[in-house]
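What follows is a single structure, written as structure tokens, with notes after it.
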């Protein structure tokens, strides 16, 4: 169960990061509300997962999911560049996440 909550929390990190970008410096109320709710869910889920997972592994997986998800969101929704080098780096992050899960 902790792993499922951790993955959900990592996805919520992507949501809050995207909402933060869309809030234009906390000036738009709807993205700001999404940011606050997603941030609370993300942190709460991480805290729950840390009850049974090692902090080093859980934090690395949480931030990795958030980083990869946010980068993909930026490329798809915000028009950030999609380049082979960026994709390769994201694949390496995913490989590290999978490695941490497998070696846990």
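Checking each residue in region 14-48 for being part of a helix (DSSP H, G or I) and within 16 Å of residue 77 (Cα to Cα) picks out 14, 15, 16, 17, 18, 19, 20, 21, 22, 31. Does residue 51 meet the test of being surrounded by fewer than 16 Cβ atoms within 10 Å (Cβ to Cβ), assigned to a loop (DSSP other than H, G, I, E, B) and touching a residue at least 12 places away in the same chain (Cβ under 8 Å)? Yes.
Residue selection: residue 69 satisfies the criterion of being within 16 Å of residue 16 (Cα to Cα), touching a helix residue (DSSP H, G or I) at 6+ places or on another chain (Cβ under 6 Å) and assigned to a helix (DSSP H, G or I). For region 1-36, a residue qualifies if it is in contact with a helix residue (DSSP H, G or I) (Cβ under 6 Å, 6 or more places away or on another chain) and over 17 Å from residue 58 (Cβ atoms), and the qualifying residues are 15, 16, 17, 18, 19, 20, 22, 23, 26, 31, 34, 35.
Among the residues of region 75-104, the ones that are assigned to a helix (DSSP H, G or I) and touching a residue at least 24 places away in the same chain (Cβ under 8 Å) come to 7 in all. Give the number of residues within region 37-53 that are farther than 25 Å from residue 103 by Cβ and out of contact with any helix residue (DSSP H, G or I) (no Cβ under 6 Å at 6 or more places or on another chain). Residues in region 37-53 being farther than 25 Å from residue 103 by Cβ and out of contact with any helix residue (DSSP H, G or I) (no Cβ under 6 Å at 6 or more places or on another chain): 4 in total. The numbered conditions (1) within 16 Å of residue 13 (Cα to Cα); (2) in contact (Cβ under 8 Å) with a residue 40 or more places away in the chain; (3) crowded, with 17+ Cβ neighbours inside 10 Å are all true for residue 71 except (2).
When residue 56 is tested against the conditions (1) surrounded by 14 or more Cβ atoms within 10 Å (Cβ to Cβ); (2) under 18 Å from residue 98 (Cα atoms); (3) over 10 Å from the mean Cα position of the chain (by Cα), the lone failure is (1).
Rule-based calculations on the coordinates, nothing more; no lab input. As the structure is a computational prediction, the values presented were derived from the model and not from experiment. Neighbour counts run over all protein chains shown; Cβ positions are idealised from the backbone, glycine included.
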